[in-house]
There are 2 protein chains.
Amino acid sequence: MTPSELKEYLKQRKEIVDAELLLRLPKLPPELSILEEAMAHSLMAGGKRLRPILCMAGAELMGAEPESVLPTACALEFIHTYSLIHDDLPAMDDDDLRRGVPTCHVKYGEAAALLAGDGLLTEAFDIIADQARTHDPGTVLKAASMIARASGVWGMVGGQVADMRAEGLTGLQAGDIEFIHALKTGALITVSLASGALLAGAGEEELAAVEGFGKKIGAAFQIADDLLDIEGDTETLGKPVGSDQAQGKATYPSAVGLEAARSKAKDLINEGLEALKSFGREAEPLRVLAVYIINRSK
Amino acid sequence: MTPSELKEYLKQRKEIVDAELLLRLPKLPPELSILEEAMAHSLMAGGKRLRPILCMAGAELMGAEPESVLPTACALEFIHTYSLIHDDLPAMDDDDLRRGVPTCHVKYGEAAALLAGDGLLTEAFDIIADQARTHDPGTVLKAASMIARASGVWGMVGGQVADMRAEGLTGLQAGDIEFIHALKTGALITVSLASGALLAGAGEEELAAVEGFGKKIGAAFQIADDLLDIEGDTETLGKPVGSDQAQGKATYPSAVGLEAARSKAKDLINEGLEALKSFGREAEPLRVLAVYIINRSK
């Protein structure tokens, strides 16, 4: 898969996901129009749709049609979007700009944003349940449980708390930051791949390989994100450059330096590729995606 | 069942629920202690455990052991507690006192409270998935879907938005308030009963009867709550008397007057009892509970 083929692959997958997200957005009665609009605003504001694309790639890896796991893929984007809305709230990061547009609370007010996030998170689990129209209910429940763990206190929510606790602390070690990132972004990225593979019939060994890959590229993704925050420009980022630093965020580059962070990201990608070595051509999109992750700023 | 037998029934069921909630509370690593404490603070601050008790009563109604649906019962209390934490936040009702203790954000800060709520909601779906250890996964998924719909934009979250929108509006009709309450509190109360009954094998007709009962007593419960806010005392309420009025909340008594509200609550209870008429002695706890709901202030 060449870089331009990857670009086309990502574009096509994003289109499939965007269309399905639009269908999955609840169409609410007029009394609740602010809720519908607030959810739509954040859900449809763009974004790479990385998590849904990884979920579909996980299914593809096991020989299934990528579209077969679309409900779960969309649920993952609902969860990711809820987390962005809540993160941006004044009580959290207090960000005004996200994906190049005003954040949900700036446009709709804090209360509506809080509830839009709650609504997206809750709706995600109803969408996952819908996956049972085509898949074994026991497997769907297992996927739902994995996704809940990766999103909640054992994953993303826990990572937010750890991140918050680390803010302003000095002398954070690389290991502290790895712990935070593994929960905050790594868990959801990993479960995106793993849930797709599980639904497509992955056994324990295959699931372990996929999770191994997911953890490595998840960590690399976060480091790349932190590097982008330092090296990127506002247009690429859709948010002000240097906002992590301004907020005293625990980032990998701030703990070990730019060069060491770049090198760590590359190592992680190589370790991720190693985890996929038992797979053949069916893992090609994942291998190319892995490399894309650390190059996406360029 | 006499009033004192009901009191004993509620006490015993509450003890069973409290013990299980404590077991289900995630035991997190030390880095996340503030999250564990904030969740525990709100979850274990007391409360009647009405929703778990209704879930168990729903199972009992279908001849199952009440303890057989304990995971789902606890998940419902996790969801109810998350909604209280988010409701109390400054961006929402800005309440300092709940169940007689400082609200979550007053004690742990806004960010931790927001995340504790997110964590409880997400964990709830992992707990529901656990119900598949003893129950058919397809039925568990159906229960999870029902609960998600009743908690999210089609239920509780939607009700919050409708309530927020109505705040400060004048000339609200009884019907407007019924719509808000049906979503805001009715849906979760109804699904508590219905999910318990469904897991215990209820068919479509039985489920419809249980839901009919749930909707009526849910509406009566909210009116009783609004009456308590006007007529009760701070000790019984665990929050300041008259706080709804002070916040310009849409309440049934404020739309139709105290007497008409009292009478409406009684009518709803009678309609609820009518919905249960095809059941025999196994519905006795529900019948007594229904009457208790409008008398609990006394």
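Computed quantities for the displayed model
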| item | result |
| --- | --- |
| Odd one out for B:A143, checked against (1) crowded, with 24+ Cβ neighbours inside 10 Å; (2) under 24 Å from B:I269 (Cα atoms) | (2) |
| Residue among A:T103, A:T122, A:T134, A:T139 that is farther than 18 Å from A:L50 by Cβ and either touching a Lys or Arg at 6+ places or on another chain (Cβ under 8 Å) or within 7 Å of another protein chain (Cβ to nearest Cβ) (or both) | A:T122 |
| Count of the stretch B:62-71 residues which are open to solvent by 10 Å² or more (accessible area, probe 1.4 Å), aliphatic (A, V, I, L, M) and in contact with a helix residue (DSSP H, G or I) (Cβ under 6 Å, 6 or more places away or on another chain) | 2 |
| Residue in the stretch B:179-211 that is surrounded by the fewest Cβ atoms within 10 Å (Cβ to Cβ), counting only those that are under 16 Å from B:K277 (Cα atoms) and in contact with a Ser or Thr (Cβ under 9 Å, 6 or more places away or on another chain) | B:E205 |
| Count of the stretch A:272-288 residues which are at pLDDT below 95 and touching a Lys or Arg at 6+ places or on another chain (Cβ under 7 Å) | 0 |
| Options B:G138, B:G58; residue that is crowded, with 24+ Cβ neighbours inside 10 Å and in contact with a helix residue (DSSP H, G or I) (Cβ under 8 Å, 6 or more places away or on another chain) | B:G58 |
| Test: B:D93 is under 29 Å from B:A59 (Cα atoms), within 13 Å of chain A (Cβ to nearest Cβ) and buried (at least 21 other Cβ atoms within 10 Å of the Cβ) | no |
| Sole exception among (1) in contact with a Phe, Trp or Tyr (Cβ under 9 Å, 6 or more places away or on another chain); (2) touching a residue at least 60 places away in the same chain (Cβ under 8 Å) for A:S68, by number | (1) |
| Odd one out for A:S42, checked against (1) of a type outside the set (K, R); (2) away from chain B (no Cβ under 14 Å); (3) in contact with a strand residue (DSSP E or B) (Cβ under 8 Å, 6 or more places away or on another chain) | (2) |
| Residue ID - surrounded by the fewest Cβ atoms within 10 Å (Cβ to Cβ), chosen from residues in the stretch A:14-54 that are closer than 25 Å to A:I147 by Cα, free of Cβ contacts under 8 Å to residues at least 24 places away in the same chain and among the acidic types (D, E) | A:E15 |
| Odd one out for A:L115 among (1) within 20 Å of the chain's Cα centre (by Cα); (2) within 7 Å of chain B (Cβ to nearest Cβ) | (1) |
| Index of the failed condition, A:K11 passing every other in (1) in a helix (DSSP H, G or I); (2) in contact with a His (Cβ under 9 Å, 6 or more places away or on another chain); (3) open to solvent by 40 Å² or more (accessible area, probe 1.4 Å) | (2) |
| Residue count for the stretch A:153-163, restricted to those that are under 10 Å from B:L115 (Cβ atoms) and at the interface with chain B (Cβ under 7 Å from one of its Cβ atoms) | 5 |
| Filtered residues of the stretch B:164-178 (kept if more than 7 Å from chain A (Cβ to nearest Cβ) and either surrounded by fewer than 20 Cβ atoms within 10 Å (Cβ to Cβ) or in a loop (DSSP other than H, G, I, E, B) (or both)) | B:A166, B:E167, B:G168, B:L169, B:T170, B:G171, B:L172, B:Q173, B:A174, B:G175, B:D176, B:E178 |
| Test: residue in the stretch A:63-80 that is facing chain B (nearest Cβ under 10 Å) and within 19 Å of the chain's Cα centre (by Cα) | yes |
| The stretch A:168-207 - residue that is free of Cβ contacts under 8 Å to residues at least 24 places away in the same chain and under 19 Å from the mean Cα position of the chain (by Cα) and, of those, nearest to A:A250 (Cα to Cα) | A:F179 |
| The stretch A:14-38, subset within 10 Å of chain B (Cβ to nearest Cβ) and not in a loop (DSSP other than H, G, I, E, B), residue nearest to B:A166 (Cα to Cα) | A:E31 |
| Residues of the stretch A:139-166 that turn out to be without any contact (Cβ under 8 Å) to a residue 12 or more places away in the chain and closer than 13 Å to B:A144 by Cβ, as a count | 2 |
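The values are calculated or read from the model by the stated rules, or taken from the named source; none is laboratory data. Owing to the predicted nature of the structure, the values given are computational and were not obtained by experimental measurement. Note that each Cβ is placed from the backbone with ideal geometry, even for glycine, and that neighbours are counted across all protein chains shown. With ligands, DNA and RNA removed, areas are computed over all heavy atoms of the protein, side chains included. Shrake-Rupley method; radii C 1.70, N 1.55, O 1.52, S 1.80 Å.
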